[in-house]
Amino acid sequence: QVVFVDKGASDGVRVGNRFFAIWVGDGLRKSYGKSDDNEGYPKEVIAELRVVETRPHTSTCLITSAIRTLEVGQVVEMRKGY
């Protein structure tokens, strides 16, 4: 699968960098229809993305692994050393 990220070369992104899709929350509460403020939960990495092309303000990424489906607006972060 291919995804597009709103960070690009002008933000320091280069081909080969990795992004990590992050999710915070309690999926069990959500499955029961209960509201959840998502505070106090740790960040969970749900997917890893590899940058295959950069433009000034966007990057094209390949999903290399995922444990959940990514959604539009999914939070991603680049980590130092990756």
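Observations on the model:
- Averaged over its residues, the range 25-82 has an accessible area of 77 Å² per residue, based on protein heavy atoms and a 1.4 Å probe.
- Using a cutoff of 8 angstrom between alpha carbon atoms and counting only pairs six or more residues apart, the relative contact order for the chain works out to 42 percent.
- Using θ = phi - 60° and Karplus 6.51 cos²θ - 1.76 cosθ + 1.60, couplings along the range 24-29 (whole Hz; Gly, Pro as x): 10, x, 10, x, 5, 4
- Net dipole in debye of the chain [+1 Lys, Arg Cβ; -1 Asp, Glu Cβ; about Cα centre; nearest 20]: 260 debye
- Dipole of the chain [Lys/Arg +1, Asp/Glu -1 at C-beta], most positive-end residue of GLN74, SER31, VAL13: VAL13
- Largest-first ordering by accessible area, 1.4 Å probe, given options ARG29, ARG18: ARG29, ARG18
- Approximate spin-label separation ASP11-TYR32, in nm, with each point projected 7 Å along Cα-to-Cβ: 3.6 nm
- Here the accessible area is traced with a 1.4 Å probe on the protein chains. For the chain, carbon and sulfur cover 50 percent of it.
- Translational diffusion coefficient (Stokes-Einstein; Kirkwood radius from C-alpha pairs) of the chain at 4 °C, 1.567 mPa s, in µm²/s: 95 µm²/s
The values are calculated or read from the model by the stated rules, or taken from the named source; none is laboratory data. Please read all numbers here as calculations on a predicted model, not as lab measurements. Cβ sites come from the backbone with ideal geometry, for glycine too, and all protein chains shown count toward neighbours. Just so you know, the surface numbers come from the protein's heavy atoms only, side chains and all, with ligands and any DNA or RNA stripped out. Shrake-Rupley method; radii C 1.70, N 1.55, O 1.52, S 1.80 Å.
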